[in-house]
Amino acid sequence: MIYPSSEIEISIVVPLYCEESNIDHLFERLLQALIPLKSSYEIVCIDDGSKDNTLLRLIEHHQRNPAIQVVALSRNFGKELALTAGIDYARGQAVIPIDADLQDPPELIIQLVEKWREGYDVVYAKRRTRRGETWLKRFTANAFYRVIGRMSQVPIPADTGDFRLLDRQVVTALQRLPERTRFMKGLFAWVGFRQTYIEYDRAERYSGKTSWNYWKLWNFAVDGITSFSLGPLKVWTYVGLGFSLAAFAYAGFLVIRTLIFGIDLPGYASLMVAVLFLGGVQLLTLGILGEYLGRVYEEVKGRPLYLVRAVYGEAVSKNGAEPLTTSNAVPTLSQGNPPVTHQSE
Ligand code: UDP
Ligand code: MG
């Protein structure tokens with residue numbers, strides 16, 4: 001059943017990157033979980049330039065069930081941007097992003113929706129435990145949430161992923177944030193509104209493996225911190241001030257000592273230590289300036305956040321992003337890479 005846009009109550013948004021092996025199970029559980037809601041829904045799937053048959057699988061599902069909408073990005077843009085695209089294309093009164101690997105149990109959707117019906121605008125799902133993750137990942141994740149919690153000007157809830165419910169009002173607010181570095185957890189927090197949470201135990205990945213590694217996670221953390229705090233940039237004023245004062249005092253001490261005791265030469269070691277230490281601090285500062293400057297550069301270029309290659313279904317972007325080309329060809333399974341298409345019933 002296809003509903004006119006205004007009638008869709010719930011939009012589920014799923015970013016997918018090479019999740020071929022999870023798709024059947026995902027829809028099975030998702031559709032099952034949506035029945036008790038007794039409301040109209042759509043499932044907006046964003047294929048984030050997958051290299052496997054994810055897109056073709058999605059199109060098959062769309063053909064069987066038109067409530068499944070498929071938006072194919074032109075390449076891999078990363079989860080945050082795929083999610084942004086999905087939120088732009090969602091038409092429901094409430095939008096629920098969820099991971100394709102079933103780490104966020106779809107059975108919780110009903111609880112999210114209940115809270116929403118009670119009048120909350122944002123209902124996030126907080127992880128009580130994380131299964132299937134190494135202690136190192138848990139430790140680093142914990143450390144990250146603590147650091148960003150202290151540094152950020154808006155409180156970013158710890159141990160929440162992107163699995164949450166957003167009211168249409170909040171979605172509209174999110175779409176007014178044009179920034180490229182989209183640290184979604186932070187943006188969700190930044191917009192405010194009436195927020196509440198439910199708790200759950202995070203499951204293991206159903207199949208496949210995570211596309212994150214520590215280098216990506218580190219960059220993600222740096223993105224998060226630089227987008228939500230000017231702390232790393234400002235702290236150098238005080239570090240510099242501290243060093244200047246210390247240097248000034250030391251200079252005074254040297255002058256007086258020389259006046260009283262005359263000149264002596266040794267001092268190579270302390271000189272080297274001071275030079276190397278300050279050199280190190282300066283390089284670090286430059287690096288941090290570079291982090292911010294690089295991000296300013298990215299923002300100033302003003303490129304679109306993502307490009308859509310094809311849309312299968314009714315979904316239209318609320319944010320003006322249209323597929324690059326439109327035609328009516330439907331890719332067949334034998335084709336490795338589907339052509340540019342825009343298909344709608
Ligand atoms: N994902 C994506 N683009 C990417 C990487 C991941 O759309 O470049 C999707 C992925 O298919 C999954 C979700 O983002 O639905 C979460 O990814 P993953 O399970 O790898 O992350 P983790 O659960 O480890 O945070
Ligand atoms: Mg996952």
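Couple of notes before you dig in:
- For segment 175-304, the convex hull spanned by the alpha carbon atoms encloses 229 Å³ per residue.
- Using a Förster distance of 35 Å, the FRET efficiency for Phe193-Gln282 (Cβ separation, nearest 0.05): 0.25
- Stretching the chain fully between Ile263 and Ala251 yields a gain of 2.9 nm (0.36 nm per residue, less the alpha carbon separation).
- Rounded to the nearest 10 degrees, the inclination of helix 79-89 to the longest alpha-carbon principal axis of the chain is 40 degrees.
- For the chain, projected area of the alpha-carbon convex hull averaged over all directions, nm²: 21.8
- If only the Cβ of Lys and Arg carry +1 and only the Cβ of Asp and Glu carry -1, the dipole of the chain around its Cα centre is close to 960 debye.
- Note on Lys301: lysines with a C-alpha under 26 Å away, same-chain residues under 8 apart excluded, are Lys79, Lys185, Lys216, Lys234, Lys318.
- Fewest-first ranking of Val191, Val147, Val296, using other Cβ atoms within 10 Å as the exposure measure: Val296, Val147, Val191
- In percent, rounded to a whole number, the relative contact order of the chain is 21, using alpha-carbon pairs under 8 Å and six or more apart.
- Label-zone membership for segment 194-231, site Lys126, 7 angstrom Cα→C-beta point, backbone N under 17 Å: 194-202
- When the alpha carbon gyration tensor of segment 58-203 is reduced to an equivalent ellipsoid, its three semi-axes come out at 24, 19, 18 angstrom, largest first.
- Proxy reagent accessibility, fewest Cβ within 10 Å first, across Trp190, Trp135: Trp135, Trp190
- Looking at segment 124-162, the trypsin sites (Lys or Arg not before Pro) that sit in a DSSP loop and have at most 15 other Cβ atoms within 10 Å of their own Cβ are Arg131.
- Simple label model, 7 Å out from Cα along Cβ direction - Ser39 to Gln175, nm: 1.8
- When shorter helices are ignored and each DSSP H run of at least 4 residues is given -39500 (n - 2.57), the per-residue value for the chain at 222 nm works out to -15000 deg cm²/dmol.
- Least to most buried among Phe27, Phe144 (fewest other Cβ within 10 Å first): Phe144, Phe27
Every number in this text was worked out from the coordinates using simple rules, so none of it is lab data. Predicted, not measured: the structure shown is a model, and the values here were computed from it. A quick note on method: Cβ atoms are made from the backbone with ideal geometry, for glycine too, and the neighbour counts reach across all protein chains shown.
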